[in-house]
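The structure under discussion appears below in the form of structure tokens.
The values are calculated or read from the model by the stated rules, or taken from the named source; none is laboratory data. Keep in mind that what you see is a predicted model, and the values were worked out from it rather than measured. Here the Cβ positions follow ideal geometry from the backbone for every residue, glycine too, while neighbour counts run over all protein chains shown.
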Amino acid sequence: MDATLQNTKLGLKLPTDPRWVNLAEIDLAEILTDHAYCEQKAATACISLIQAYPEKEKMVEELAPIVTEEWGHFRMVLAELKKRNLRLGRQRKDEYVNELQAFKKAGGSREDALLERLLIFALIEARSCERFRLLSLHCADPALRGWYHKFMVAEASHYRLFLDLAELYFDKDRVWARWQEYLRYEAGIMQRITPRGDRIH
């Protein structure tokens, strides 16, 4: 799939420089460690939504299996580390996610907060998908290329699910307008943050 088309489908305004893959390959223990914690945090994010909005039955039903899937991904990364005789390192500060969180509208209702969270989670999944795609295409290790392709496919479906849930519970025009604001803001984050090979984002 053409890179421009891929980014259009994901909605991302600024693509990752493909040379980021070269940085990521310098120390596999570092990028795999960050990947592992990203999967762990994704599972936790879904759990937090279920706990905060148990009355949203459709959302609970859709997110429950994602929790299991994301935790399974965490275990897959742990297994890959072990196979390569590498160790899981310590969790690091996620500057990218913290910047997205700073863009949330404050002081709104409980429902307003749900929309913000769904859009942030969708954006994180979209950027993860884009990064995994680059690794699946350009990683020097053939085995890792196929391995990352599986994660790319999963993240794409999660990205779409969060947007679908937003459109289920909120007016579509409102969702689209706020989503575009998030996309523009995220492009600015990507310009501000120095690309690092030890981070998925």
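Brief remarks on what is shown
- Test: residue in region 54-75 that is of a type in the set (Lys, Arg), at pLDDT 95 or above and either under 18 Å from Ala24 (Cβ atoms) or in contact with a Gly (Cβ under 8 Å, 6 or more places away or on another chain) (or both): no
- Qualifying residue in region 57-78 (condition: of a type in the set (D, E, K, R) and closer than 23 Å to Arg196 by Cα): no
- Flag for Arg92 being surrounded by 12 or more Cβ atoms within 10 Å (Cβ to Cβ), over 15 Å from the mean Cα position of the chain (by Cα), among the basic types (Lys, Arg) and not in a helix (DSSP H, G or I): yes
- Test: residue in region 171-180 that is aromatic (Phe, Trp, Tyr), surrounded by 14 or more Cβ atoms within 10 Å (Cβ to Cβ) and touching a Phe, Trp or Tyr at 6+ places or on another chain (Cβ under 7 Å): no
- Of the candidates Glu55, Glu116, Glu30, the single residue that is within 25 Å of Arg174 (Cβ to Cβ) and over 17 Å from the mean Cα position of the chain (by Cα) is Glu55.
- Breaking point among (1) under 28 Å from Glu30 (Cα atoms); (2) within 14 Å of the chain's Cα centre (by Cα); (3) of a type outside the set (Lys, Arg), for Leu81: (2)
- With respect to (1) buried (at least 20 other Cβ atoms within 10 Å of the Cβ); (2) closer than 21 Å to Ala45 by Cβ, the lone exception for Leu161 is condition (1).
Each row is one residue, and each column tells you yes or no for (1) within 18 Å of the chain's Cα centre (by Cα); (2) under 22 Å from Asp34 (Cα atoms).
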position	(1), (2)
Ile120	yes, yes
Ser136	yes, yes
Ala140	no, yes
Ala156	yes, yes
Leu168	no, no
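- Counted residues, region 126-151 - those being surrounded by 20 or more Cβ atoms within 10 Å (Cβ to Cβ), more than 26 Å from Ala102 (Cβ to Cβ) and touching a Cys at 6+ places or on another chain (Cβ under 7 Å): 1
- Only helices (runs of 4 or more DSSP H) whose full extent lies in region 2-85 are considered here, and the ones with at least 3 residues that are more than 21 Å from Arg160 (Cα to Cα) and touching a residue at least 12 places away in the same chain (Cβ under 8 Å) are 20-24, 28-52, 57-83.
- Taken over region 106-125, the criterion of being exposed (fewer than 12 other Cβ atoms within 10 Å of the Cβ) and of a type in the set (Lys, Arg) is satisfied by Arg110 alone.
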